[in-house]
Structure formats: structure tokens, C-alpha cells
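So the structure is just underneath, and the comments pick up after that.
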Amino acid sequence: MSNSSQATEPHQTTPSTDSASTPSADVLPLHLAGPHLTEKQLAARWHVHPGSLANARSAGRSPVPYSKPFGRVLYALVDVVKAEAATTVAA
């Protein structure tokens, strides 16, 4: 019986042990699996200095939720678009 219960479980992929490889989407958290922007990319998109984004994060005033996997600040594109839509003024 235990063999049949193991066969019905979904197959889990094992992350690569190669330290030079980039993690694949199946091992990233769901909020990072989609497109994302780096701090520099968001700063260029919003025409601000990357330091302004860093200051806002450290003060707890980041306009967009962020994650820091592997020490890099990443912003989910869906969150960036939501923040932009929320601050857009109708003409």
C-alpha cells in the first residue's frame, strides 16, 4: 500500500548542487517566479536614483514590496505595475 501512496505524490525536482548555476523557477518562491526588476531597473523606470529606493526601503517607506533573495533586491513586476496604477492621476 505504501508504494501506491508514493506513486500518487507529485514529483519534486531536486535543486542543482552546482554553485555556479542560477536557481530555476521551480525552487524560487512564488512571488519571484514571474518577471521582476532589480533596484537599478526600477530606478531607471521611475527616473530616480537607486539610492532613493534604498533610502525608502531602510525607512520602511518602500512604495513597492521587495525581496532580497541571494542578497539582491528584487521587485515583482506585478507589484510595480500595481503601485504605478495606484499613483496615476486621471487627466
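Please treat every number below as a calculation from the coordinates, not as lab data. Note that the structure is a prediction, hence the values are computed from the model and not measured. All Cβ positions, glycine included, derive from the backbone under ideal geometry; neighbour counts span all protein chains shown.
Some notes on this structure:
- Of the helices (runs of 4 or more DSSP H) lying entirely inside region 38-91, those containing at least 2 residues that are under 14 Å from the mean Cα position of the chain (by Cα) are 39-46, 77-87.
- Tabulated pairs, region 68-81, first closer than 16 Å to LEU53 by Cβ, second among the acidic types (Asp, Glu) and part of a helix (DSSP H, G or I), C-beta under 6 angstrom, 6+ apart or interchain: VAL73/GLU39
- Matching residues, region 48-91, being more than 14 Å from HIS36 (Cα to Cα) and acidic (Asp, Glu): GLU84
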